[in-house]
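Beneath this line is the structure, given in structure tokens, with notes to follow.
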Amino acid sequence: MSTSARPALFLSRAGWRETTVLLVVAGLVPFLVHLLPWSGHRPLGVFVLPVFWTTFLAVYFRGAVTGLLVGLVTPLINLLVTGLPVSLTAGSMSLEVIFFVLAAALLVRRWSGWWVVAPLAWVAAKGLAITVQYFIPAFAEHDYPWQHLARSTQNGLAGLAVLGVINLLLGKFYPKTDEWEKE
């Protein structure tokens with residue numbers, strides 16, 4: 001199996017129809033997750049990470065630019081429709097999405113068939129976002145970065161498993177090959 005992939009920033013140009021479909025699906029996924037009955041102490045999205053599912057799909061098929069668009073617009077759509085993520089966390093989530101898209105694009109480019117690319121991209125992005133937030137007073141982070149990362153990773157284990165399954169299925173059914181480069 002070839003591990004080559006298209007350039008990280010632009011895989012192919014996404015037309016307005018494809019981008020619209022991606023945004024609609026990206027908006028629906030977290031919305032549907034938040035409709036599920038849940039009585040936990042934090043919103044269900046904290047545990048299953050639905051924004052990152054469609055963001056990873058966009059990065060995998062269309063590259064970092066489209067992934068960034070999908071990843072940044074999705075929380076805004078979800079905030080307007082459901083009130084989640086809480087507007088106070090929208091800034092930190094946007095930072096996580098930016099780092100996730102960059103990490104996922106780089107990892108997909110190198111190891112697209114490896115099923116842990118998406119979970120690794122999330123952990124790397126989360127760690128980097130937490131570290132940046134720790135040093136910027138506006139985010140008011142009180143935990144040490146490693147404590148926050150450990151707690152976030154523990155909370156997001158179910159979502160990391162879903163990202164792993166999505167990544168595994170993409171690698172199996174839509175493997176990146178040399179022909180992918182020529183499209």
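Some observations on this one:
- Which numbered condition F100 misses (of (1) outside any helix (DSSP H, G or I); (2) of a type in the set (F, W, Y); (3) crowded, with 23+ Cβ neighbours inside 10 Å): (1)
- Looking only at the range 72-91, and only at residues there that are surrounded by fewer than 18 Cβ atoms within 10 Å (Cβ to Cβ) and of a type outside the set (A, V, I, L, M, F, W, C), the one that is farthest from P37 (Cα to Cα): G91
- Consider the range 62-84 and keep the residues that are more than 15 Å from L22 (Cβ to Cβ) and not in a helix (DSSP H, G or I). The one that is modelled with the highest pLDDT is G83.
- Qualifying residue in the range 152-174 (condition: β-branched (V, I, T), modelled with pLDDT of 90 or more and touching a Phe, Trp or Tyr at 6+ places or on another chain (Cβ under 7 Å)): yes
- Single residue of the range 13-27 satisfying the filter (assigned to a loop (DSSP other than H, G, I, E, B) and loosely packed, with under 15 Cβ neighbours inside 10 Å) that is modelled with the lowest pLDDT: R13
- Under the condition of being polar (S, T, N, Q) and closer than 23 Å to T89 by Cα, the residues counted in the range 16-64 number 3.
- The residues on offer are L49, L69, and the sole one that is buried (at least 24 other Cβ atoms within 10 Å of the Cβ) and aliphatic (A, V, I, L, M) is L49.
- Residues in the range 85-95 that are modelled with pLDDT under 80 and either farther than 18 Å from L68 by Cα or assigned to a helix (DSSP H, G or I) (or both): V86, S87, L88, T89, A90, G91.
- Helices (runs of 4 or more DSSP H) completely within the range 105-177 that count 3 or more residues being surrounded by 21 or more Cβ atoms within 10 Å (Cβ to Cβ) and not charged (D, E, K, R): 117-135, 157-173
- Check on V81, in contact (Cβ under 8 Å) with a residue 60 or more places away in the chain and either more than 21 Å from V29 (Cβ to Cβ) or in contact with a Gly (Cβ under 8 Å, 6 or more places away or on another chain) (or both): no
The values are calculated or read from the model by the stated rules, or taken from the named source; none is laboratory data. Computed from a prediction, not measured in an experiment: that's the story for all the values here. As a convention, Cβ positions derive from the backbone with ideal geometry for all residues, glycine included, and neighbour counts pool all protein chains shown.
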